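Structure record follows, encoded as structure tokens.
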Amino acid sequence: MTPPRLPLSRQPLRLIHDRIATGLITAGGIGVLLAILAIGVFLVWETLPLLTFGDALSLNTLSPLAWGTLKAALAAMLFATPIALGAAMYSALFMSARLRGRIKPMLELMEAIPGVVVGFIAGLLLAPWVEQHLASTLLVLVWLPLSAGLAGMLWYVASAKVRQWLPLSWAGVWLMPWLAIMITLALWLAPLLEHAWFGGDLRRMLDQQYGLDYATRNALIVGIAMGFAVIPSIYSLAEDALADVPANLMEGAQALGASRWQALWKVALPTAGPGVFSAVMIGAGRAVGETMIVVMASGNTALFSASPFEGLRSLSASIAIELPEASPGGMTYHLLIFAALALFLFTFLVNTLAEVVRQRLRQRYQRLGGNR
Amino acid sequence: MRWLPRPPRLTAMGSLLWPWLCAASVALSLLMLATLLTLLAARGLGHFWPATLEEVTLRSGETLIGQAVREAPLPNAAGTERLYFTGNRDIDGNSWRWVALDDIATVAVPNDLIRLERAPWGDFIGRLETVESDGQRFEGDAAWAFVAQAMALPESQRPVAQLWLTAADGHRVTQPLAGVMRFQAPNAMSWHQKVSAWSGRIWQFLSEGPRAANTGGGVWPAIFGTVMMVILMSVIVTPFGVLAAIYLNEIAHQNRLTRLVRIGVRNLAGVPSIVYGVFGLGVFVYGIGGSIDSWFFEDALPSPTFGTGGLLWASLTLALLTLPVVIVATEEGLARIPDAQREGAVALGATRLEMLTRVVLPMATPAMLTGVILAVARAAGEVAPLMLVGVAKLAPQMPVDDEFPYLHLERKFMHLGYHLFDTAFHGEDVQAAIPLVFATALLLVLIVLVLNLTAIFLRHYLRRQRGNEC
């Protein structure tokens with residue numbers, strides 16, 4: 001039996017429809033991709049007039065800003081990298097699967113918290129508080145890792161019953177109250193220690209002995225706030241890389257007698273190293289470009305100073321504050337666009353590098369017989 | 001087999017303790033997140049709770065009435081001081097007062113203390129003496145009953161009346177009833193009344209415009225502006241993002257170039273948002289907007305119509321910013337559809353268009369939806385690019401009204417995130433505005449988190465429903 005056929009005259013129409021639609025989609029797709037490309041072209045094009053300014057051009061105005069950007073990013077990375085990588089290692093390899101299913105999305109949600117909110121809390125609450133309790137803050141920063149180690153030691157000393165009750169695989173949760181208690185303890189102890197060691201006022205001592213000024217909104221605050229914002233992006237990517245390490249590698253190491261930590265340190269980390277590295281790079285890219293947190297928490301003073309207690313001004317903050325007022329075509333306008341170009345190129349390069357590294361890593365996992 | 005663990009050596013000690021440090025960093029991250037959210041919720045929602053008013057008598061014999069806000073150590077001496085919100089800016093020009101705890105003789109909470117929210121001058125805190133209306137004078141309980149009755153009516157039907165009020169220092173002021181927004185005697189309120197007053201104020205916060213230099217009123221124009229901008233943005237970004245994803249995944253030949261393009265698109269998601277803002281300002285506002293002005297709105301020049309930041313340019317900029325998010329999400333959805341589905345459709349005689357619209361796209365809808373929701377969540381929280389392309393501190397006109405053409409794309413608009421930034425950092429009385437800033441921040445975080453959670457659950461649900469293949 002012959003299947004019912006459409007009338008012949010309809011056939012070309014369908015084909016024409018198809019041709020037209022394919023053409024439209026192609027045009028639209030290429031158009032969108034070109035529009036994205038246009039960002040780079042525009043930035044370069046608007047930077048070119050800088051060459052006509054000749055001697056009047058001074059890139060020196062940008063150098064404290066570039067320094068501020070680097071300082072802010074460095075502070076944020078110093079705060080975020082250990083925490084994010086530690087969290088990634090723990091949740092990829094030690095945490096119970098059920099808990100991991102809950103905690104990972106929650107930490108990734110952290111990334112969604114808008115920068116304005118973080119910046120506002122940092123600039124208006126954290127900064128004045130830290131100014132009054134500098135010694136306490138520094139003490140807490142030192143005390144937290146020690147107290148975590150202390151928790152570990154106590155756990156090994158504790159009886160088997162307690163260990164069963166509070167297993168390592170759930171430590172990410174039950175350590176929370178412990179850390180809260182330890183922070184309270186540190187806050188209670190800090191004034192006593194400050195009195196004994198620094199003559200009652202750490203800030204005055206810093207000023208008198210080392211000549212360090214203290215600005216309310218400074219690199220320390222920016223580091224903490226932006227670190228908070230960067231933690232989830234580093235964590236998420238590093239965790240993916242670590243969790244995807246082929247299971248047979250880890251099992252092999254453990255079968256040969258390695259402890260879980262040794263397997264992680266000697267096998268998983270070297271294998272997933274590129275992925276972890278690319279996670280850190282992407283975090284750095286984010287820290288360099290973050291605007292609102294720096295605007296709100298840094299004091300916006302363009303300084304060349306390495307002190308963590310002084311303010312800074314970053315490229316992105318400068319763009320956000322000055323560009324709306326700059327007259328189009330003027331030198332400030334073109335300089336700021338040059339700053340934007342620098343940010344664009346930097347983040348684009350860093351991200352491309354990270355992406356290429358991750359693709360290599362994926363291929364390596366496939367070669368090693370991973371399940372993905 | 002060894003039953004007792006060997007006492008660990010010092011090097012082994014390290015490898016035993018490291019996992020705990022890692023666990024602690026998870027705990028610390030969670031702790032920070034929880035602290036942030038609790039802080040926002042407590043300070044943001046707590047502000048609307050009718051706070052107890054205290055009548056404080058100092059050792060010097062002076063009395064003051066106010067709401068205790070917080071305590072801090074004295075700057076140059078031992079002891080603590082307490083900050084009171086005393087209102088009455090019209091009487092002594094100052095609505096805050098620091099009092100050292102040692103100076104306080106007695107603290108009382110009498111039931112007849114009232115708090116008025118007034119149109120000019122902000123809050124009044126003190127006592128109600130008499131009410132004068134139509135030549136009649138009410139005193140004591142009658143005055144209270146009269147005011148309570150009047151405030152229950154809608155604003156247009158309230159009788160004309162004068163309130164005679166006394167401040168803590170005995171200063172007497174008159175206040176026309178028409179300027180009173182709210183009349184409360186928080187100390188006399190029952191728990192139930194407080195809850196209803198609290199929810200009423202939250203509703204007021206969501207539904208009214210800002211008043212008194214952002215220290216009172218609400219954020220309705222900012223909510224409206226944010227929503228408008230986000231809707232326009234998703235209308236722009238969805239078709240283009242989906243189109244680009246279909247092109248990349250279904251039509252373009254898969255070779256080195258497409259792989260490069262794909263990496264490029266993915267990386268654009270990591271480019272700082274401020275760069276998009278610069279692009280929007282240079283191309284949309286000065287470039288396209290300037291040209292539109294010189295062609296169509298020449299009579300209005302030199303004051304720009306489209307050549308300045310506005311709703312349209314802001315939406316376009318954010319659409320560009322979120323384009324990679326939509327493209328990546330849609331592409332992931334498309335890549336997950338097995339080729340057998342496509343081949344089946346083509347084998348049954350469908351053209352490519354029919355295959356796409358009837359088979360592939362319906363299967364990829366959840367992925368597209370997820371992408372759009374994620375894009376909306378990102379756009380709602382983004383402030384930096386908006387500072388360049390069209391957000392306003394206080395927009396006199398809403399972008400939508402009853403004037404032709406109803407939707408005014410060239411107008412500036414208010415945005416929750418920028419409103420927060422501006423109130424907190426450029427306000428006149430930041431101290432008084434901070435509670436409302438907290439409430440705004442809470443609202444913004446809630447919107448973004450709810451959108452993200454929706455995306456997560458949608459993805460999860462649809463994946464489970466359709467099996468793992470799509």
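The values are calculated or read from the model by the stated rules, or taken from the named source; none is laboratory data. Bear in mind that the values here come from a model prediction, so they are computed numbers and not experimental data. Heads up, the Cβs are rebuilt from the backbone with ideal geometry, glycines too, and the neighbour counts pull from every protein chain shown.
Filtering region B:423-459 down to residues that are more than 9 Å from chain A (Cβ to nearest Cβ) and free of Cβ contacts under 8 Å to residues at least 60 places away in the same chain, which residue is farthest from the chain's Cα centre (by Cα)?
B:F457
If the requirement is being in a helix (DSSP H, G or I) and modelled with pLDDT of 85 or more, which of these qualifies: A:V32, A:V44? Quick ask: steps written out before the conclusion?
Values: A:V32 fails: modelled with pLDDT of 85 or more.
Only one candidate passes the filter, namely A:V44.
Do the conditions hold for B:E81, that is, is it at pLDDT 80 or above, among the charged types (D, E, K, R) and under 27 Å from B:F183 (Cα atoms)?
Here the answer is no, as B:E81 does not meet what is asked.
Out of the residues in region A:163-194 that are more than 10 Å from chain B (Cβ to nearest Cβ) and loosely packed, with under 12 Cβ neighbours inside 10 Å, which is nearest to B:S25 (Cα to Cα)?
Result: A:I181.
If you check B:S60 against the conditions, is it within 14 Å of chain A (Cβ to nearest Cβ) and modelled with pLDDT of 80 or more?
No, not satisfied.
If A:L74 satisfies all but one of (1) surrounded by fewer than 23 Cβ atoms within 10 Å (Cβ to Cβ); (2) at the interface with another protein chain (Cβ under 7 Å from one of its Cβ atoms), what's the number of the condition it fails?
A:L74 satisfies every listed condition except (2).
Can you name every residue in region A:206-239 that is charged (D, E, K, R) and more than 14 Å from chain B (Cβ to nearest Cβ)? So that I can check it myself, show each step before the final result.
Start the filter on region A:206-239 by keeping residues that are charged (D, E, K, R), which leaves A:207, A:213, A:217, A:239.
A:D207, A:D213, listed by residue number.
Considering each of B:T322, B:T317, B:T308 in turn, give the residue that is crowded, with 16+ Cβ neighbours inside 10 Å, in a loop (DSSP other than H, G, I, E, B) and of a type in the set (S, T, Y).
Just a single option satisfies the conditions, and that option is B:T308.
Does any residue in region B:357-377 that is free of Cβ contacts under 8 Å to residues at least 40 places away in the same chain come within less than 6 Å, Cβ to Cβ, of a residue that is outside any helix (DSSP H, G or I) and among the hydrophobic types (A, V, I, L, M, F, W, C) six or more places away or on a different chain, and which pairs are these?
none
Quick check on B:L248: is it part of a helix (DSSP H, G or I), within 11 Å of chain A (Cβ to nearest Cβ), within 23 Å of A:L34 (Cβ to Cβ) and modelled with pLDDT under 90?
Details: part of a helix (DSSP H, G or I): yes; within 11 Å of chain A (Cβ to nearest Cβ): yes; within 23 Å of A:L34 (Cβ to Cβ): yes; modelled with pLDDT under 90: yes.
Spelling it out, B:L248 is indeed part of a helix (DSSP H, G or I), within 11 Å of chain A (Cβ to nearest Cβ), within 23 Å of A:L34 (Cβ to Cβ) and modelled with pLDDT under 90.
Can you pull out the residues in region B:353-398 that are within 14 Å of chain A (Cβ to nearest Cβ), of a type in the set (S, T, N, Q) and surrounded by fewer than 21 Cβ atoms within 10 Å (Cβ to Cβ)?
The one that is within 14 Å of chain A (Cβ to nearest Cβ), of a type in the set (S, T, N, Q) and surrounded by fewer than 21 Cβ atoms within 10 Å (Cβ to Cβ): B:T357.
May I ask you to list the residues in region A:243-294 that are over 27 Å from the mean Cα position of the chain (by Cα) and away from chain B (no Cβ under 12 Å)?
Across region A:243-294, the qualifying residues are A:A247, A:N248, A:L249, A:M250, A:E251, A:G252, A:A253, A:Q254, A:A255, A:L256, A:G257.
List, please: which pairs have Cβ atoms under 8 Å, are six or more places apart or on different chains, and start with a residue in region B:81-100 that is in the same structural domain as B:A432 (by TED's automatic domain parsing) and end with one that is surrounded by 19 or more Cβ atoms within 10 Å (Cβ to Cβ) and polar (S, T, N, Q)?
So the pair list comes out empty.
Spot the failing condition for B:G349; the list is (1) buried (at least 24 other Cβ atoms within 10 Å of the Cβ); (2) on the phi > 0 side of the Ramachandran plot, and only one is missed.
Unmet condition: (1).
Can you tell me which residues in region A:175-212 are in a helix (DSSP H, G or I), over 30 Å from A:R163 (Cβ atoms) and in contact (Cβ under 8 Å) with a residue 24 or more places away in the chain?
Our first condition is that a residue be in a helix (DSSP H, G or I); within region A:175-212, this holds for A:175-198, A:202-210.
Now restrict to residues that are over 30 Å from A:R163 (Cβ atoms): A:190-198, A:202-210.
Within region A:175-212, A:A190, A:P191, A:L193, A:E194, A:F198, A:L202, A:R203, A:L206 meet the criteria.
Given the conditions (1) modelled with pLDDT under 90; (2) under 25 Å from A:L141 (Cβ atoms), report the number of the one that A:A241 does not fulfil.
Looking at each condition in turn, A:A241 falls short on (2).
Take the conditions over 30 Å from B:G282 (Cα atoms) and either surrounded by 15 or more Cβ atoms within 10 Å (Cβ to Cβ) or within 12 Å of another protein chain (Cβ to nearest Cβ) (or both) and apply them to A:L99. Does it pass? Show your work before the answer.
Details: over 30 Å from B:G282 (Cα atoms): yes; either surrounded by 15 or more Cβ atoms within 10 Å (Cβ to Cβ) or within 12 Å of another protein chain (Cβ to nearest Cβ) (or both): yes.
For A:L99, the condition - over 30 Å from B:G282 (Cα atoms) and either surrounded by 15 or more Cβ atoms within 10 Å (Cβ to Cβ) or within 12 Å of another protein chain (Cβ to nearest Cβ) (or both) - is met.
Tell me, yes or no, whether region B:270-291 has at least one residue that is more than 14 Å from chain A (Cβ to nearest Cβ) and either touching a strand residue (DSSP E or B) at 6+ places or on another chain (Cβ under 8 Å) or part of a helix (DSSP H, G or I) (or both). Explain how you work it out, then say what you get.
Filtering region B:270-291 for residues more than 14 Å from chain A (Cβ to nearest Cβ) gives none.
No: zero hits.
Say whether the condition of being closer than 30 Å to B:D339 by Cα, assigned by TED's automatic domain parsing to the domain that holds B:A433, modelled with pLDDT of 85 or more and touching an Asp or Glu at 6+ places or on another chain (Cβ under 6 Å) is met by at least one residue in region B:263-281.
no
Could you grab me the full set of residues in region A:195-219 that are touching a Ser or Thr at 6+ places or on another chain (Cβ under 8 Å) and either closer than 27 Å to B:S25 by Cβ or buried (at least 17 other Cβ atoms within 10 Å of the Cβ) (or both)?
Correct list: A:A215, A:R217, A:N218, A:A219.
Filter region B:255-268 down to the residues that are of a type outside the set (D, E, K, R) and more than 8 Å from chain A (Cβ to nearest Cβ), then identify the one that is surrounded by the fewest Cβ atoms within 10 Å (Cβ to Cβ).
Quick first cut of region B:255-268, residues of a type outside the set (D, E, K, R) only: B:255, B:257-258, B:260-261, B:263-265, B:267-268.
Checking the rest, the ones that are also more than 8 Å from chain A (Cβ to nearest Cβ) come to B:255, B:257-258, B:260.
Numbers: B:N255: 8, B:L257: 10, B:T258: 14, B:L260: 11.
Per the criteria, the residue is B:N255.
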